[in-house]
Amino acid sequence: MLHKNRVKNRTHMTSFRVIIISFFCLILVGSLLLMLPISSRQRCVTSFPDAMFTAVSATCVTGLVVKDTATYWSLFGQAVILMLIQIGGMGVITVGLAIIRASGRKIGLWQRSTMQESISAPQVGGIVKLTGFILKTSLIIEMIGAALLAPVFCNDLGIAKGLWYSLFHSISAFCNAGFDILGTTEQTFPSLTGYIANPLINIVIMLLIVIGGIGFLTWDDIYTKKYHFRQYCMQSKVILLTSLFLIFVPAAFFFFRDFAGMPVKERTLCALFQSVTTRTAGFNTADLSGMTGASQAIMIVLMMIGGAPGSTAGGMKITTFAVLTANASATFRQREDTQMFGRRVGQEVLKNASTILMMYLFLVLMGGMVISVAENLPISECLFETASAVGTVGLTLGITPRLGVLSKGILIALMFLGRVGGLTLVYAAMPGR
């Protein structure tokens, strides 16, 4: 009888529910740690709403903050935030399976299935090997990123502090989190505005963001098939080509519409950086509030699109955008079937893409309207904020620290939904899924 109950409980604990519960538990632990006096520079107890907002933002690799990370949190608090970013970026399930594997315990079919759902893998086969590849590659890339950033930060801040800043920003960029520790008492929430003209910082951070945002399965394709692009799976082809389009087209628009007073070199770097960071990461080198309204509108769209499935990025995903674009193209050309790279896109894929788009539009619009009414703020600023939250981006026009409890609660919910995925939450609530 006891065995039957255990089987029944395991059956009800679906992959979708495990993903939801894992993220929730990590957020709760992170919130409690950040509330401790040792986590703040002033050695004071941080309120639960502020600690939870920070923990959610770090775990969901968003970057929206209510306290300046550099000036409010102590070294211990920053380390907790970095731990949450690392685990949240690679995935709670990925890290959990790695720990199980390291302990020598056997990984069963149920755990493999959960991992498959967590990273959007096409099949269960080879999932344990893929987990090891993800962890090893992630750590190597983060260490290389830190080593490349170190010369600049060590020169500006000293060796010990420079190395910590290099590691923090490398992990934050790779995990598409957007947290920075560059604030001072004179200038809080600066992000990377102090390095707007530094080519090394700009290029390294952009590369880390892009690599983290294209997804673990795309890495695997690149690693195993090298430069044989035709041999890549259709998803990898779609992700890589759509990513290039979403980087360079908005960058060209930003170049000609914004940053007019800059030299061409700085202007190019700034336009590219804002295009790359807007979809997933949350760093900024320019004053976003000074950009044109048209550019801010494009940024809202980019934030909603996000990165690739099974990556460190959030949003409704590049593949969703590509499928919807291909479907619209087929409709305009009066074709019966939607095709990508010569292959037919199934109706189930189209239905999921349309559903995800409607969910994200609803969340952004409703969240923005509620915050606008509650805070008496312009709707454009509030839509920017909600798109940033649900896309787990972290860019802001500066209103986050001034929001009330209700508005912060809305952003927390949007960040959580954006990271675990709206459909994951729906499936978790459905019986038999």
Residues located in region 334-351, provided they are open to solvent by 50 Å² or more (accessible area, probe 1.4 Å) and assigned to a helix (DSSP H, G or I): Q347, E348, V349, K351
Candidate set: region 289-309, residues that are part of a loop (DSSP other than H, G, I, E, B) and not hydroxyl-bearing (S, T, Y); chosen: the one surrounded by the most Cβ atoms within 10 Å (Cβ to Cβ): G307
Sole residue being buried (at least 19 other Cβ atoms within 10 Å of the Cβ) and within 15 Å of the chain's Cα centre (by Cα), chosen from L383, L395: L395
Condition met for L32 (touching a Gly at 6+ places or on another chain (Cβ under 6 Å) and either modelled with pLDDT of 95 or more or in a loop (DSSP other than H, G, I, E, B) (or both)): no
Cross-chain or 6+ apart pairs with Cβ under 6 Å, region 41-66 first and farther than 19 Å from S388 by Cβ, then of a type in the set (A, V, I, L, M) and open to solvent by less than 10 Å² (accessible area, probe 1.4 Å): T46/L34; A51/L34
Selection within region 164-175 - under 10 Å from Q86 (Cα atoms) and not hydrophobic (A, V, I, L, M, F, W, C): S172
Candidates T312, T355, T331 - the one that is in a loop (DSSP other than H, G, I, E, B) and either surrounded by fewer than 19 Cβ atoms within 10 Å (Cβ to Cβ) or in contact (Cβ under 8 Å) with a residue 60 or more places away in the chain (or both): T312
Among (1) modelled with pLDDT of 90 or more; (2) assigned to a loop (DSSP other than H, G, I, E, B); (3) within 15 Å of the chain's Cα centre (by Cα) - the single one G282 does not satisfy: (1)
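The values are calculated or read from the model by the stated rules, or taken from the named source; none is laboratory data. Everything numeric in this text was worked out from a predicted model, so none of it was measured. Note that each Cβ is placed from the backbone with ideal geometry, even for glycine, and that neighbours are counted across all protein chains shown. The area values use the complete protein model at the heavy-atom level, side chains included, leaving out ligands, DNA and RNA. Shrake-Rupley method; radii C 1.70, N 1.55, O 1.52, S 1.80 Å.
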